[in-house]
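> Got a structure for you, written out below as structure tokens; questions coming shortly.
The values are calculated or read from the model by the stated rules, or taken from the named source; none is laboratory data. From a predicted model like this one, the values you see are computed outputs, not experimental measurements. Please note: Cβ atoms are built from the backbone with ideal geometry, for glycine as well, and neighbour counts cover all protein chains shown. To get the accessible areas, we keep the full protein, side chains included, count just its heavy atoms, and leave off ligands, DNA and RNA. Shrake-Rupley method; radii C 1.70, N 1.55, O 1.52, S 1.80 Å.
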Amino acid sequence: MQTIHSLDPLRSAVSALREGGKTLALVPTMGALHEGHMTLVRAARAQADHVAVSIFVNPLQFGAGEDLDAYPRQLARDSALLEAEGVDLLWAPTIEAMYPAGFASNIAVAGVSDGLCGAARPGHFDGVATVVCKLFNQVLPDVALFGEKDWQQLAVIRRMARDLDLTRPHVTHILGVETVRESDGLALSSRNAYLSPQDRQAATALPLAMRAAIAAIEAGALVPETLTTLEARIVAGGFASVDYAELRDADSLVPLDARIAGPMRLLVAARIGKARLIDNMPVAPTA
Ligand code: PAF
């Protein structure tokens with residue numbers, strides 16, 4: 001595996017990997033890799049001849065008071081994990097390579113960035129869209145893979161790629177990979193490490209309550225009442241509060257107060273102990 005920190009060697013390495021019409025998949029990450037990331041890497045292997053992973057802790061997506069300085073940086077450990085998984089290229093740009101002096105651009109994706117996690121983290125999705133656009137232009141992958149766990153992020157990236165024509169010879173395909181869950185249903189997240197053993201046990205209330213709400217909506221229950229019951233169940237299960245619990249159009253993220261004929265998503269963020277957990281699940285459309 002080649003590890004590259006600046007742009008010119010990256011361009012040469014990408015050209016070499018693409019020789020003979022070989023295809024390239026990109027898994028963008030901020031490092032501190034866990035099983036969820038490794039699932040993306042394995043899925044990438046099935047999509048292309050070569051796999052590149054980027055590791056860059058992107059300051060543009062951290063707000064004031066968020067944990068940018070405390071964010072774990074473990075390049076040696078991450079690099080060993082990727083090497084063992086057969087990754088071909090690790091793109092770990094320096095801050096100067098990503099944002100040279102005078103960098104002044106910003107990509108704001110209206111609509112899909114609003115509300116949900118965008119409400120609690122103003123500017124976060126601008127930072128994500130800006131860095132992902134740069135990563136696409138730098139690595140020029142045929143396919144890029146993101147976890148469905150961050151559904152709003154995936155929707156923002158898809159909208160941005162469509163709007164900015166990041167199609168061949170850039171990214172032809174943005175693939176969402178299904179959330180990896182513990183055996184009790186809790187979505188895998190680096191934030192689960194913040195949970196005490198007691199909170200970890202209680203946290204399973206989140207996916208359980210979401211599945212019950214989805215079953216109710218699919219059986220014809222009214223959406224606003226079901227969402228109120230969902231919030232009450234999450235709090236009764238041991239969560240301190242619910243930031244949001246919403247039914248949205250899966251693609252545009254337009255809020256819905258009734259079931260529709262197209263793909264929908266139930267999205268929740270809730271706080272327990274020191275953690276703010278997010279989750280989302282599909283809701284079957286009406287026939
Ligand atoms: O999901 C992440 O790890 C980050 O938001 C991403 C997509 C790598 C952009 O920095």
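> Pull up the DSSP beta bridges for the chain and report the antiparallel fraction as a percent, rounded to 5.
Details: 19 of 38 bridges.
In the chain, approximately 50 percent of DSSP beta bridges are antiparallel ones.
> Using the Cα atoms of the stretch 138-287 to build a convex hull, what is its mean projected area in square nanometres? Spell out each step's value before the answer.
Working: hull surface 40.3 nm².
Computed as one quarter of the Cα hull surface, the answer is 10.1 nm².
> OK, next. May I ask for the angle, rounded to the nearest 10°, between helix 124-139 and the longest principal axis of the chain, with both axes built from Cα atoms and the value confined to 0 to 90°?
30 degrees
> Continuing with the same structure: Rank Arg162, Arg248 by accessible area, highest first, at a 1.4 Å probe radius? Could you put the intermediate results ahead of the total?
Details: Arg162 115, Arg248 15 Å².
Greatest to least solvent exposure: Arg162, Arg248.
> Please compute the length gained on full extension between Arg77 and Ser6, using 0.36 nm multiplied by the number of residues separating them and subtracting their Cα-Cα distance.
Values: separation 71, 0.36 × 71 = 25.56 nm, distance 2.03 nm.
Full extension of this stretch gives 23.5 nm more.
> Accessible area, 1.4 Å probe, largest first: how do Glu246, Glu225 sort?
Solvent-accessible surface, decreasing: Glu225, Glu246.
> Just to compare against my own numbers: the Cα pair-distance distribution for the stretch 15-124, 10 Å bins, whole % per bin, please.
12, 34, 36, 17, 1
> From the helices alone, meaning DSSP H stretches of at least four residues, give me the mean residue ellipticity at 222 nm for the chain, per-run term -39500 (n - 2.57), in deg cm²/dmol to the nearest 500.
The helix-only estimate for the chain comes to -11000 deg cm²/dmol at 222 nm.
> Taking Cα atoms, how many degrees apart are the long axis of helix 151-163 and the longest axis of the chain, rounded to 10 and kept between 0 and 90?
So the inclination is approximately 50 degrees.
> Give me the one-decimal nm value for the distance between modelled label points at Leu68 and Arg181, 7 Å along each residue's Cα-to-Cβ direction.
So the two model labels end up 3.6 nm from each other.
> Also: What's the angle, to the nearest 10 degrees (0 to 90), between helix 35-45's Cα axis and the longest principal axis of the chain?
The angle comes out at about 50 degrees.
> What translational diffusion coefficient, in µm²/s and rounded to a whole number, does the Stokes-Einstein relation yield for the stretch 112-177 at 25 °C and a viscosity of 0.890 mPa s, taking the hydrodynamic radius as the Kirkwood radius over Cα pairs? Each step should come with its number before you reach the end.
Details: Rh = 12.0 Å.
After rounding, the answer is 204 µm²/s.
> Can you check what the Kirkwood hydrodynamic radius comes to for the chain, Cα pairs only, in Å to one decimal?
By the Kirkwood definition, the hydrodynamic radius is 20.0 Å.
> Taking the Cα centre of the stretch 48-165 as origin and charging only Cβ (+1 Lys, Arg; -1 Asp, Glu), how large is the dipole, in debye to the nearest 20?
Dipole of the stretch 48-165, to the nearest 20 debye: 260 debye.
> Where nothing but the Cβ of Lys and Arg (+1) and of Asp and Glu (-1) is charged, how large is the charge dipole of the stretch 140-272 around its Cα centre, in debye to the nearest 20?
140 debye
> Continuing with the same structure: Say R0 is 25 Å: what FRET efficiency, to the nearest 0.05, do Ser196 and Thr228 get from their beta-carbon distance?
Computed FRET efficiency for Ser196 and Thr228 comes out at 0.35.
> With springs only between Cα atoms under 10 Å apart, run a GNM on the chain and tell me which of Gly21, Gly86, Gly273 wobbles the most.
Largest GNM mean-square fluctuation: Gly21.
> Counting Lys and Arg as +1 and Asp and Glu as -1, each charge on the Cβ, what is the dipole of the chain about the Cα centre in debye, to the nearest 20?
In debye, rounded to 20, the chain gives about 120.
> Also, I was wondering about something else. Nearest 0.05, what FRET efficiency do Met38 and Ala287 give at R0 = 30 Å with Cβ-Cβ as r?
Values: r = 38 Å, r/R0 = 1.26.
Efficiency, rounded to the nearest 0.05: 0.20.
> Near the amide H of Gly111, under 5 Å away, which other amide H atoms are found, from residues 5 or more places off or on another chain, if H is placed in the peptide plane?
Amide H neighbours of Gly111, under 5 Å, 5+ apart: none.
> Something else about it: Once the dipole of the stretch 104-259 is set up with Lys and Arg at +1 and Asp and Glu at -1 on Cβ about the Cα centre, which of Gln152, Gly238, Thr228 lies farthest towards its positive end?
Going by the Cα projections, it comes out as Gln152.
> With an 8 Å cut-off on Cα pairs and a minimum separation of 6 or more residues, tell me the relative contact order of the chain in percent.
After rounding, I find 16 percent.
> Count neighbours as other Cβ atoms within 10 Å of each site's Cβ, and list the GluC sites (Glu not before Pro) in the stretch 48-145 that are DSSP loop with at most 15 such neighbours.
Glu66
> Could the peptides 185-194, 44-53 be put in order, highest first, of the mean number of other beta-carbon atoms found within 10 Å of their residues?
44-53, 185-194
> Say R0 is 30 Å: what FRET efficiency, to the nearest 0.05, do Thr167 and Glu218 get from their beta-carbon distance?
The computed FRET efficiency comes out at 0.30.
> Based only on the alpha carbon positions, what is the Kirkwood hydrodynamic radius of the stretch 27-80, in angstrom?
Hydrodynamic radius (Kirkwood, Cα only) of the stretch 27-80 equals 12.4 Å.
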